[in-house]
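Throughout, read-outs are computed from the coordinates displayed, never taken from laboratory work. Because the structure is a prediction, the values reported are computed rather than measured. Here the Cβ positions follow ideal geometry from the backbone for every residue, glycine too, while neighbour counts run over all protein chains shown.
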Amino acid sequence: MLDALRMTLLALALALLLGGAAHAAPARGPDIHIEDATRFFALYDATGGRPTVQQLEQDYLAKGSPSLHTFAKLRRVTAQRIADQMGKDPAMYAKARQCLAELPVAKQRLAESFQHLLAAHPQARLPPVAIVVGRGRPVGIAEPAGVTIGLEALCSADFMNPNVQDRFVHVIAHEYAHVQQGPITEFEIGDPTATVLRVSVAEGVAELVAEVISGNVGNARHAEWTRGREAEIETAFVRDMDSTDLSAWAYNYRSPDQPYDLGYWVGYRIAKAYYLQAKDRRAALRHLMAVDDPRKLLAESGWTPGMVQPSIDTLE
């Protein structure tokens with residue numbers, strides 16, 4: 001009888017201990033790596049900002065993380081192309097050297113954002129985030145193995161958001177949302193199913209997720225470009241939404257002074273309409289990340305061109 005009582009008390013104590021530990025320690029978010037960028041700028045400093053092609057190959061690319069190797073393969077980043085870009089635009093890399101100092105705090109803020117993601121979506125995929133240095137483009141990639149960001153490219157994109165830390169946190173949150181998304185993002189440019197609506201919803205959902213988990217969308221400039229023109233822009237969108245000609249709505253950056261990617265903004269507004277009318281917003285966020293039928297989402301959202309939308313304040 002005494003042994004049975006001891007076993008019962010031990011089991012109870014263990015349950016309380018494990019329950020308390022689970023309550024005290026939130027689920028761990030993805031790893032955020034800045035080692036590739038740090039190694040690049042160690043080489044940069046050691047060579048007075050002029051590393052050779054051989055040094056870039058041996059001391060940077062060859063020693064890179066799996067994320068850097070994938071980034072290089074998918075976006076044709078080579079030592080020669082990095083050297084060429086450094087020669088063509090040395091100011092880009094000097095500016096990126098300054099941005100490097102912002103990364104530790106950006107990492108802390110991102111860790112908080114990922115905890116917000118996990119609060120809404122405990123089953124979220126958690127591959128790593130890596131900050132690397134490339135050939136000036138692209139800003140980043142999102143794929144099942146994780147998110148990789150080109151430090152020099154995003155550092156130079158101050159037209160998106162003038163605050164460096166904010167820009168990194170919100171853009172990475174947008175890209176990380178793509179990692180969670182389903183078939184709606186599985187297309188290539190020119191795919192007959194890649195309509196303006198589909199692409200815009202895919203990107204717009206990522207913008208909404210970024211706002212909910214990090215506090216703002218990836219490209220804050222859209223608010224300025226669209227203010228007072230909501231009905232005009234969105235009425236034009238409705239006319240084009242079944243087209244596969246994306247040139248007026250997505251992937252159409254020309255200069256920082258000309259509005260671009262307005263489909264991201266319309267898709268964000270469609271996703272936001274769905275999110276705001278939901279009784280369970282956490283469930284709504286999970287649904288948005290899994291959506292594969294943009295036309296059905298459009299119908300369910302209640303979105304109309306030019307509709308007035310309140311701000312998003314909480315995850316509740």
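Observations on the model:
- Taking the empirical scaling 2.2 N^0.38 Å for compact globular proteins as reference, the stretch 114-250 has a Cα radius of gyration ratio of 1.08.
- Evaluated at q = 0.10, 0.21 Å⁻¹, a Debye calculation over the C-alpha positions of the stretch 191-301 (equal weights, vacuum) places log10 I(q)/I(0) at -0.26, -1.18.
- Cβ-based net charge around VAL129, under 11 Å, with every Lys or Arg adding one and every Asp or Glu removing one: -1
- Value of Rg to Rh for the chain (Rh from inverse mean 1/r over Cα pairs, i.e. Kirkwood): 1.05
- Every pair of different Cα atoms in the stretch 32-180 enters the Kirkwood calculation, which places the hydrodynamic radius at 15.4 Å.
- In sequence order, calculated HN-Hα J values of the stretch 155-167 (Karplus, 6.51, -1.76, 1.60; Hz; x Gly/Pro): 4, 7, 8, 5, 5, 6, 6, x, 8, 4, 4, 4, 4
- Our summary gives the chain a relative contact order of 16 percent, counting only alpha carbon pairs under 8 angstrom and 6 or more residues apart.
- When peptides 193-204, 28-39, 211-222 are ranked by their average number of other Cβ atoms within 10 Å per residue, the highest-first order is 193-204, 211-222, 28-39.
- Each Cα pair under 8 Å and six or more residues apart adds its sequence gap; the mean of these over the residue count of the stretch 240-316 is a relative contact order of 25 percent.
- Local electrostatic count, ALA236, Cβ distance below 15 Å [Lys/Arg +1, Asp/Glu -1]: -4
- Each peptide in 227-237, 260-270 was scored by the mean count of other Cβ atoms within 10 Å over its residues; highest first, the order is 260-270, 227-237.
- Counting charges near VAL169 (Lys, Arg +1; Asp, Glu -1) among other residues having Cβ under 12 Å from its Cβ returns a value of -2.
- The lysines within cross-link reach of LYS107, meaning a Cα-to-Cα straight distance under 25 Å and a gap of 8 or more places when in the same chain, are LYS63, LYS95.
- Going by neighbour counts of Cβ atoms within 10 Å, the residues ASP166, ASP191 line up, fewest first, as ASP191, ASP166.
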